[in-house]
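Working notes for the structure below.
The values are calculated or read from the model by the stated rules, or taken from the named source; none is laboratory data. Everything numeric in this text was worked out from a predicted model, so none of it was measured. Note that each Cβ is placed from the backbone with ideal geometry, even for glycine, and that neighbours are counted across all protein chains shown.
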């Protein structure tokens, strides 16, 4: 066995060990797509409500709420579908399984958190506290990402902390600033994360 074969075997062993302890199937394209969809959601919210309703949430009608719910449901489903497809494609490319015991533990452990986020959103909407929803979404999403970091790596810990910080800030601001920070979170942080991972992927390919 030559040195090249030994290096190849060692690389395979290292990748196998990492894949069993860390979930790395989501590529840069998944984060970039999620970022663009997040920006679309924020822009769509602005178009649906306009300046006057964003500045005065008491003007928002039940019909507006229905449209916003539909918009963000489409954004969520689209982002989740794209990320899952990207993860499946990357896993297939490297001969791995996109859905394994590690992935199951990651996502199923966050099911209660997602349920609570939904309940809080409905309750806040019903009581008329629509301006608090962006902060709640950012904060809870950041909590999920921070939890994922124990399965994926320090990157998600940093991203999660950034979302939590933004969510906390949004809870104490109103109007356009809150919507801007929401776009900075769901759009900007995802895009930055995608660009960083794209840089790492290209560095890996060069090696």
**Request:** Can you confirm whether region 57-72 contains a residue that is under 21 Å from residue 188 (Cβ atoms), touching a helix residue (DSSP H, G or I) at 6+ places or on another chain (Cβ under 9 Å) and surrounded by 20 or more Cβ atoms within 10 Å (Cβ to Cβ)?
**Result:** no
**Request:** Would you please name the residue that is nearest to residue 101 (Cα to Cα), looking only at residues in region 153-181 that are touching a residue at least 40 places away in the same chain (Cβ under 8 Å) and surrounded by 18 or more Cβ atoms within 10 Å (Cβ to Cβ)?
**Result:** 181
**Prompt:** When residue 9 is evaluated against the numbered criteria (1) surrounded by 11 or more Cβ atoms within 10 Å (Cβ to Cβ); (2) at pLDDT 70 or above, which criterion, by number, is the only one it fails?
**Reply:** (2)
**Close pairs from region 103-121: first under 19 Å from residue 139 (Cβ atoms), partner modelled with pLDDT of 90 or more and surrounded by 12 or more Cβ atoms within 10 Å (Cβ to Cβ), Cβ under 6 Å, at least 6 apart** = 110/144; 113/144; 117/140; 120/136; 121/133
**Message:** Return the residues of region 32-88 that are touching a residue at least 60 places away in the same chain (Cβ under 8 Å) and more than 30 Å from residue 199 (Cα to Cα); say none if nothing qualifies.
**Reply:** 45, 46, 51, 54, 55, 57, 58, 60, 65
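Just to check your reading of the model, which residue among 130, 124, 184 is closer than 18 Å to residue 35 by Cβ and surrounded by 14 or more Cβ atoms within 10 Å (Cβ to Cβ)?
Working: 130 fails: closer than 18 Å to residue 35 by Cβ; 124 fails: closer than 18 Å to residue 35 by Cβ.
Only one candidate qualifies: 184.
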